[in-house]
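Since the structure comes first, as structure tokens, the remarks are kept for the end.
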Amino acid sequence: MQAGLLRSDPIVGALIVTTVVYSLLCFLIGFHLVITIFTIFLIAGNAAVSFHRLFFKGRFFRALFILNVLQLVLFALLQAQMFHSFGHHHYEYSHLPGWLDWFGLTAVHFFKAADFVDFIDAYDIELLSLKHRSVQAGIILFSMHIIVDVFLYGAIRHLLAMPDRPLFKAFIDSLIRFFKYYRIPMLIGVLGLFLLCLAAQCFDRGSSEYMNWFNGHFWIIENILITIDFGDAIQIFGWSIHHIKLDFTLATLSIIFRLIIGSYLLMLLDSVLLHLTGGFGRTPAACEEIIRSPKTSQLDKLVAVNSLGKYGVESQHALPVLVETLMKSGVKLRQASFDTILRIGNPAIPELVKNLVKSDRRCEKLIREALENLDPHWIKNPLTHEAIPDLIASLSHEDHNIARASKNLLNEIEPQWNHDKSAISAIPSLTARLKDGNEAEREAAAAALGMINAQASKTVYSLARALGDSSADVRDQTAKSLDRIDPDWRASGETLNAVRFLANRIKNEDSSGKRGIAEGLGIIGPAARDTVPVLIDLLNPLDEGLCESVCKALDRIEPQWRKSKAAYQKVDALAEWLTSETCESFDSVFEILGMFGSGASGAVPVLMKRFAEETDLVSAAAAKALNRVAPDWKNGPRSEKMRGLCIEKLSSKEAVIRMKAAEILGRFGPTAHKAVPHLKKALSDEDMIVKRKAMEALKKIGV
């Protein structure tokens, strides 16, 4: 296992062995100037190899981790060598330091280096009495901080890109989202609290020489510089540009302020590193994430796309985002995506083929060009057949152009595609979408099932049920698909089962749903004959649109429905409705009775009563219904009797009765010619209204 660890990277393995052997020799040989120089070069070499593997190769492995742990040992050795070879004045100590002290000093500064927001220094926490004093010793610690910080940044970034670290990545992502959404309010809050503290201390005479508005500005600048200071030079060399003494409150505000500024700095650093390395060291997954992010600049995306090209076939999992970039991006990014796809090779064929139908003409030309470059005979390539399931799924796309293009491409790839197992396996999802999708999806699913006609006979029931859809477009498309699947589908047992289902469902639907089901049953035609009583029962005077749809459906299902028992019962119910004192829908009832035609002859007496007793508008509607129910009703015995009664009433002592009689006679038109002498006599009536009604009646009669 140890040999395998070292063989994972021979150079790193060699450096580990060299570092271990050299460290042991240092304990035995002692301290010398030449040894100190060699330690410096060994640290630099280890760091260079580590950074190359992390940022240019995109690799992080156990041997690399061990090498960087050994780096801390070398830094402890270097500081001991500095102390013994160059003088004790480089360090401040309470007793002569031994090896444990040097390792302790190194450990303390490791934690300080890992402390990105300088928590330890902000709260002035003392961890060790051994401290550096000279610039040279400070440079050693500064170098250590730089190496540790860069290594930790690269390691964490690599861990975030690893797919087998979901919990760690989820935790970091949640932190990133938190700072992303709340850093502006937090920044405003921190600065506001700082200004309050500044104002409070400015009014405190005892601290006014340390805390003033001028120093307050420098506090903000210094905290920004501390955040940017990746190697902690400000803390190591004890630099400061203000004289504010940090208490607990200001130290806490400083930490929060640095966290917020650090979130901006990390985004900038990530972008700079991406360009400096040219995308080297980024895993394909990390590059894919950069391309997908809407906040990434076009330049960063370009670098990430080119980086994917360097991985070749290893980048094939990023093909969806590459093809999307090829279709939707600018010229440079599109060309880079094109080149990267070609470097990935034939594994890109299925992804290109399935997106061929979703592109505009310009992109379609580009995708076809890519396919031709990958394989001039791509249409016959076995990899092309891997796109068949996706193309079948596109048959139910909301966009009719995409659905049509998918069908054409399927026919081009495999003329017998509808016998493919992918087509059969797509039927359940299509029938589910036919039931639960939105209007466009339902229509597309119906069309797709019609295209898979060779294997879709089992879907007749689902399609027949869909004839009751509230959308006319869905119903029309469903009917076309059924005709394509089986010209005799109306006579099948599946259709009869669907009819029973629709007949039960229609009772619980709203007006729009009832109308859709009625029209769907009308499409089914005579096979839905058993639903005639249910449909007749739906004729509601309060819903004229529904009545119209129901009557049209009934005419298609059973032309003689008006003479059915259910029709006569409905006529009796409507006639009774007309006699009700609370009836307010005369026009609608008249319209429905008119639809019944001669089948509503039983309602003629009630219609004639309303013709004679109501206003002109209602009377005209009643006459219209009577004309459809009994075209010769004005010449019938009931009309003749009514005209005779009206002629008698013209001699009544009551003016209102005479007026109404004249009005009714006028409504009969020329068939009331026998009343002309009596109406002329009424022209000399003492009541002016009676005179006017008599004159109007004569005009209607034709005199």
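The values are calculated or read from the model by the stated rules, or taken from the named source; none is laboratory data. A quick note: this is a predicted structure, and the numbers were derived from the prediction, not measured. For neighbour counting, all protein chains shown are included, and Cβ atoms are generated from backbone atoms with ideal geometry for every residue, glycine included. Each accessible area value is taken on the protein alone, full model and side chains, heavy atoms only, with ligands, DNA and RNA left out. Shrake-Rupley method; radii C 1.70, N 1.55, O 1.52, S 1.80 Å.
For Ser422, state whether it is closer than 27 Å to Leu319 by Cβ, touching a His at 6+ places or on another chain (Cβ under 8 Å) and either assigned to a helix (DSSP H, G or I) or of a type outside the set (S, T, N, Q) (or both).
Numbers: closer than 27 Å to Leu319 by Cβ: yes; touching a His at 6+ places or on another chain (Cβ under 8 Å): no; either assigned to a helix (DSSP H, G or I) or of a type outside the set (S, T, N, Q) (or both): yes.
Spelling it out, it is not the case that Ser422 is closer than 27 Å to Leu319 by Cβ, touching a His at 6+ places or on another chain (Cβ under 8 Å) and either assigned to a helix (DSSP H, G or I) or of a type outside the set (S, T, N, Q) (or both).
Check Ser307, Ser293, Ser315 and return the single one that is under 23 Å from Phe60 (Cβ atoms), out of contact with any helix residue (DSSP H, G or I) (no Cβ under 8 Å at 6 or more places or on another chain) and among the polar types (S, T, N, Q). Walk me through how you get there before you give the answer.
Values: Ser307 fails: out of contact with any helix residue (DSSP H, G or I) (no Cβ under 8 Å at 6 or more places or on another chain); Ser315 fails: out of contact with any helix residue (DSSP H, G or I) (no Cβ under 8 Å at 6 or more places or on another chain).
After applying the criteria, what remains is Ser293.
Identify, from the list Leu225, Leu268, Leu274, the residue that is under 45 Å from the mean Cα position of the chain (by Cα), open to solvent by 60 Å² or more (accessible area, probe 1.4 Å), within 25 Å of Ile147 (Cα to Cα) and modelled with pLDDT under 75. Reasoning before the result, please.
Values: Leu225 fails: modelled with pLDDT under 75; Leu274 fails: open to solvent by 60 Å² or more (accessible area, probe 1.4 Å).
That would be Leu268, the only listed residue that is under 45 Å from the mean Cα position of the chain (by Cα), open to solvent by 60 Å² or more (accessible area, probe 1.4 Å), within 25 Å of Ile147 (Cα to Cα) and modelled with pLDDT under 75.
Can we say Val303 is open to solvent by less than 40 Å² (accessible area, probe 1.4 Å) and either under 24 Å from the mean Cα position of the chain (by Cα) or not acidic (Asp, Glu) (or both)?
On the way: open to solvent by less than 40 Å² (accessible area, probe 1.4 Å): yes; either under 24 Å from the mean Cα position of the chain (by Cα) or not acidic (Asp, Glu) (or both): yes.
Yes; evaluated as a whole, the condition is true for this residue.
Return the pair list, or none, for Cβ contacts closer than 7 Å from residues in the range 511-539 that are in contact (Cβ under 8 Å) with a residue 60 or more places away in the chain to residues that are open to solvent by 60 Å² or more (accessible area, probe 1.4 Å), at least 6 apart or on different chains.
Between residues of the range 511-539 that are in contact (Cβ under 8 Å) with a residue 60 or more places away in the chain and residues that are open to solvent by 60 Å² or more (accessible area, probe 1.4 Å), the close pairs are Ile524/Arg490.
Inspect the range 664-683 for any residue being surrounded by fewer than 17 Cβ atoms within 10 Å (Cβ to Cβ) and in a loop (DSSP other than H, G, I, E, B) and give the result as yes or no.
no
Enumerate the pairs (first residue in the range 367-379 and under 15 Å from Asn355 (Cα atoms); second residue anywhere and assigned to a loop (DSSP other than H, G, I, E, B) and open to solvent by less than 90 Å² (accessible area, probe 1.4 Å)) with beta-carbon separation below 9 Å, excluding pairs fewer than 6 apart on the same chain, so at least 6 apart or on different chains.
Matching pairs, first to second residue: Ile367/Ser359; Leu371/Asn381.
So which of Ser396, Ser429, Ser425 ends up being open to solvent by less than 50 Å² (accessible area, probe 1.4 Å) and among the hydroxyl-bearing types (Ser, Thr, Tyr)? Break it down into steps so the answer makes sense when it comes.
Numbers: Ser429 fails: open to solvent by less than 50 Å² (accessible area, probe 1.4 Å); Ser425 fails: open to solvent by less than 50 Å² (accessible area, probe 1.4 Å).
Exactly one of Ser396, Ser429, Ser425 is open to solvent by less than 50 Å² (accessible area, probe 1.4 Å) and among the hydroxyl-bearing types (Ser, Thr, Tyr), namely Ser396.
One line per residue, one yes/no per condition, for (1) under 27 Å from the mean Cα position of the chain (by Cα); (2) modelled with pLDDT of 85 or more; (3) open to solvent by 10 Å² or more (accessible area, probe 1.4 Å):
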| position | (1), (2), (3) |
| --- | --- |
| Ser263 | no, no, yes |
| Ser297 | yes, no, yes |
| Lys310 | no, no, yes |
| Leu322 | yes, yes, no |
| Gly345 | no, yes, yes |
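Which one of Ala448, Ala518, Ala479 is part of a helix (DSSP H, G or I), under 29 Å from Arg368 (Cβ atoms) and not acidic (Asp, Glu)? First the steps, then the outcome.
On the way: Ala518 fails: under 29 Å from Arg368 (Cβ atoms); Ala479 fails: under 29 Å from Arg368 (Cβ atoms).
Checking each option against the conditions leaves just Ala448.
Quick one: would you say Glu386 is surrounded by 15 or more Cβ atoms within 10 Å (Cβ to Cβ) and charged (D, E, K, R)? Show your work before the answer.
Working: surrounded by 15 or more Cβ atoms within 10 Å (Cβ to Cβ): yes; charged (D, E, K, R): yes.
Yes; evaluated as a whole, the condition is true for this residue.
Mind listing whichever residues of the range 468-498 are open to solvent by 10 Å² or more (accessible area, probe 1.4 Å) and β-branched (Val, Ile, Thr)?
Residue satisfying the conditions is Ile485 alone.
Just to be sure, is Ala76 in contact with a Ser or Thr (Cβ under 8 Å, 6 or more places away or on another chain), under 28 Å from Ala304 (Cα atoms) and free of Cβ contacts under 8 Å to residues at least 60 places away in the same chain? Write out each step before concluding.
Working: in contact with a Ser or Thr (Cβ under 8 Å, 6 or more places away or on another chain): yes; under 28 Å from Ala304 (Cα atoms): no; free of Cβ contacts under 8 Å to residues at least 60 places away in the same chain: yes.
For Ala76, the condition - in contact with a Ser or Thr (Cβ under 8 Å, 6 or more places away or on another chain), under 28 Å from Ala304 (Cα atoms) and free of Cβ contacts under 8 Å to residues at least 60 places away in the same chain - is not met.
Can you name the number of the only condition in (1) touching a Pro at 6+ places or on another chain (Cβ under 7 Å); (2) modelled with pLDDT under 85 that His400 fails?
Result: His400 fails condition (1) only.
Would you pick out the residues in the range 347-368 that are surrounded by fewer than 18 Cβ atoms within 10 Å (Cβ to Cβ) and either modelled with pLDDT of 90 or more or under 21 Å from Pro284 (Cα atoms) (or both)?
Passing the criteria: only Pro347.
Among Ser564, Ser492, which is the only one that is of a type outside the set (Lys, Arg), touching a Gly at 6+ places or on another chain (Cβ under 9 Å) and at negative phi?
Values: Ser492 fails: touching a Gly at 6+ places or on another chain (Cβ under 9 Å).
Just one listed residue meets the conditions, Ser564.
Within the range 241-248, is even one residue open to solvent by 20 Å² or more (accessible area, probe 1.4 Å), aliphatic (A, V, I, L, M) and either under 18 Å from Val117 (Cβ atoms) or at pLDDT 70 or above (or both)?
Yes, the conditions are met somewhere in the range 241-248.
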